Amino acid sequence: SMHAHTVPVLAEGFPEYEDVVSEVTGFVTGVAQTAAAGGAAPVWIDPGIGFGKSPRHNLELLRRLPELCNHGFPVLVGVSRKSFVGNVTGRAVDGRLAGSLAVVAPAWSAGVDVIRVHDVVETMDTIAMLQAIWGSPPV
């Protein structure tokens, strides 16, 4: 279950959220629970980073990923080279590697199960360093 506020996602504006993390978490876990109750397995959840969310919403979701990761469903995030990384760094798509790797740390730390990336070798090196410093994710 991936969260996207609008389908298709409209680039002109972003929806308003009272609390983006609570609303996204409620949505994806609700869909996941319904799918699991209907016999689907495995059921994964994805907060839909970059889909119908402002850069501020995406950063808040990343900051509070542990809240999403403690609902009993495996979590997938895709953050590699996304526009919010460019919004923060000012980099075009082909210059977003460092910014994308920086996002790996909070995702790994939160216990995200799968991080979808473009730059596999660099991401694995980043995770190897995080593991060397802290062992397994500190969650």
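The values are calculated or read from the model by the stated rules, or taken from the named source; none is laboratory data. Model, not experiment: these values are computed from the prediction. Counting neighbours? That spans all protein chains shown, and the Cβs are built from the backbone with ideal geometry, glycine included. Accessible surface areas use protein heavy atoms only, side chains included; no ligands, DNA or RNA. Shrake-Rupley method; radii C 1.70, N 1.55, O 1.52, S 1.80 Å.
Where Rh is the Kirkwood radius over the Cα pairs of the chain, the temperature 4 °C and the viscosity 1.567 mPa s, what D in µm²/s does Stokes-Einstein return? Don't skip to the answer; put the middle values down first.
Working: Rh = 15.6 Å.
In µm²/s, the coefficient is 83.
Could you please report the charge total around SER22, scoring K, R as +1 and D, E as -1 over all other residues with beta-carbon less than 13 angstrom from its beta-carbon?
Net charge around SER22: -4.
Express in % the proportion of alpha carbon pairs of the range 59-139 at distances exceeding 21 Å. Walk me through the numbers on the way to the answer.
Details: 839 of 3240 pairs.
Beyond 21 Å sits 26 percent of the P(r) for the range 59-139.
Say R0 is 30 Å: what FRET efficiency, to the nearest 0.05, do MET129 and ARG91 get from their beta-carbon distance?
Values: r = 22 Å, r/R0 = 0.72.
E(calc), rounded to 0.05, equals 0.85.
Would you mind telling me the share, in percent, of accessible area of the chain contributed by carbon and sulfur at probe 1.4 angstrom?
On the way: 4470 of 7550 Å².
The nonpolar share, carbon plus sulfur, comes to 59 percent.
Which whole-number percent gives the relative contact order of the chain, counting Cα pairs below 8 Å spaced six or more residues apart?
Values: 188 pairs, mean separation 29.6, N = 139.
Worked out over the chain, it gives 21 percent.
Taking K and R as +1 and D and E as -1, what net charge do the other residues with C-beta under 12 Å from the C-beta of LEU68 add up to? Present the calculation step by step, with values, prior to reporting the outcome.
Details: positive: ARG63, ARG64; negative: GLU23, ASP46, GLU60, GLU67, ASP113.
Net charge around LEU68: -3.
Kindly report the accessible area of the chain per residue (heavy atoms of protein chains, probe 1.4 Å, no ligands, DNA or RNA), in Å².
On the way: 7550 Å² over 139 residues.
For the chain, the solvent-accessible area averages 54 Å² per residue.
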